[in-house]
Amino acid sequence: RTVYVNGDYLPEDAARVSIFDRGFLMADAVYEVVSVLDGRLLDFDGHMARLDRSLDALAIANPLSHDDYLAAHRELVDRNAITDGLVYLQVTRGNPGDRDFAYPPEDTPPTVVMFTQAKPGLADAPAARTGWKVVGVEDLRWGRRDIKTVQLLYPSMAKMEARARGADDAWLTEAGHVTEGTSNNAYIVRGGVIVTRELSRDILHGITRAAVLRFAREAQMTVEERPFTIAEAQQADEAFVTSASAFVMPVVEIDGKKVGDGTVGPVATRLREIYLEESRKAAI
Ligand code: PLP
């Protein structure tokens, strides 16, 4: 693979970042994941807007313009011959030359790393036809989940707990309500109404979430943005999650209880179709 590090395109084995980089020592870094279908980038502008918000929230000056990022994304997709897959982008506060809790001087250059992951058939994942099983796991993450930082240890632990319990993913719960999945936003459907938690510091503001809710409203579906419990989700007609890499993924079982009849429902199916069709059309 060819990867990107601070302006250079290098074989992955030749790519180097300092051990003092605060991304490595302190998870002082943010990231984005953009999907690639047919060699084109999905929702690129949305991901760039969120990158700006994440960097602003941490007072890291964005070292590159959106055009620079676009050029680098395209270069990596090209050099790695990605038809379907992902581009991962990470910006860290960089390398102060030593370990210190205080931020380094403002003129310290951030570190920018990008790489691709090939995912042949990404849009035709068999799981979209059978749906995911999820389990509730207490949400023990920090209080600024709206910033897309690389502090992913707890979601990773929750994913392992889900696997150990025979599920595909965890739905994180706080004060009795679902916040989101380990790496996706969570939804239920009841009586044709789509319910998903409202935006706040408690969840990541999903780029796929924004697109899917817009398409749902355009298709005259009713959307309610409010918290819901695992018990309410188990009683729902349908459930699903959204993310840049899973698109719209149906959820058919929650804590061992089937959702509806335990098969993929019509609302999730339709939203997945609309999302894939519209975002392919708008891909750049
Ligand atoms: N929530 C969390 C915690 C995530 O990590 C992600 C994606 O990585 C999402 C939601 C979905 O966001 P997006 O649709 O922008 O991929």
Could you check, for segment 150-164, whether at least one of its residues is at positive phi and among the small types (Gly, Ala, Ser)? no
Mind listing just one residue for me: the one in segment 233-244 that is among the small types (Gly, Ala, Ser) and within 16 Å of the ligand (Cβ to nearest atom) and, of those, farthest from Glu180 (Cα to Cα)? Ala244
Under the condition of being near the ligand (Cβ under 10 Å from one of its atoms) and in contact with a Lys or Arg (Cβ under 8 Å, 6 or more places away or on another chain), which residue from segment 201-221 is farthest from Glu273 (Cα to Cα)? Ile203
Residues that are assigned by TED's automatic domain parsing to the domain that holds Glu161 and modelled with pLDDT of 95 or more, at least 3 per element: which strands (runs of 3 or more DSSP E) completely within segment 46-140 meet that? 132-138
Among the listed residues Glu224, Glu198, Glu277, Glu253, which satisfies the condition of being outside the structural domain of His73 (by TED's automatic domain parsing), touching a residue at least 40 places away in the same chain (Cβ under 8 Å) and either surrounded by fewer than 16 Cβ atoms within 10 Å (Cβ to Cβ) or away from the ligand (no atom under 15 Å from the Cβ) (or both)? Glu253
Assigned by TED's automatic domain parsing to the domain that holds Ala186 and within 12 Å of the ligand (Cβ to nearest atom): is that true of Phe247 in this structure? yes
First in segment 147-165 and assigned to a helix (DSSP H, G or I), second anywhere and more than 10 Å from the ligand (Cβ to nearest atom), Cβ under 6 Å, 6 or more apart: Tyr154/Leu140; Ala158/Val137; Ala158/Ala170; Glu161/Val137; Ala162/Val135; Ala162/Asp169; Ala162/Ala170
Pull out all pairs, ordered by first then second residue, where Cβ-Cβ is under 9 Å, the residues are six or more apart or on different chains, the first lies in segment 122-140 and is without any contact (Cβ under 8 Å) to a residue 24 or more places away in the chain and over 16 Å from Ile254 (Cβ atoms), and the second is charged (D, E, K, R) and outside any loop (DSSP other than H, G, I, E, B). Leu140/Glu174
Whichever residue in segment 26-62 is among the acidic types (Asp, Glu) and within 16 Å of the chain's Cα centre (by Cα) and, among such residues, is farthest from the ligand (Cβ to nearest atom): Asp52
Provide a single number: the residues in segment 229-278 that are aliphatic (A, V, I, L, M), over 17 Å from Gly166 (Cβ atoms) and in a helix (DSSP H, G or I). 7
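Listed here are the residues, each with its yes/no results for (1) crowded, with 16+ Cβ neighbours inside 10 Å; (2) farther than 29 Å from Trp142 by Cα.
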position	(1), (2)
Asp8	no, yes
Ala14	no, yes
Asp21	yes, no
Tyr31	yes, no
Leu51	yes, no
Ala57	no, no
Ile60	yes, no
Asp78	no, yes
Looking only at segment 172-195, how many residues end up being away from the ligand (no atom under 11 Å from the Cβ) and on the phi < 0 side of the Ramachandran plot? 11
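The values are calculated or read from the model by the stated rules, or taken from the named source; none is laboratory data. Quantities reported herein were computed from a predicted structural model and do not represent experimental measurements. Please note: Cβ atoms are built from the backbone with ideal geometry, for glycine as well, and neighbour counts cover all protein chains shown.
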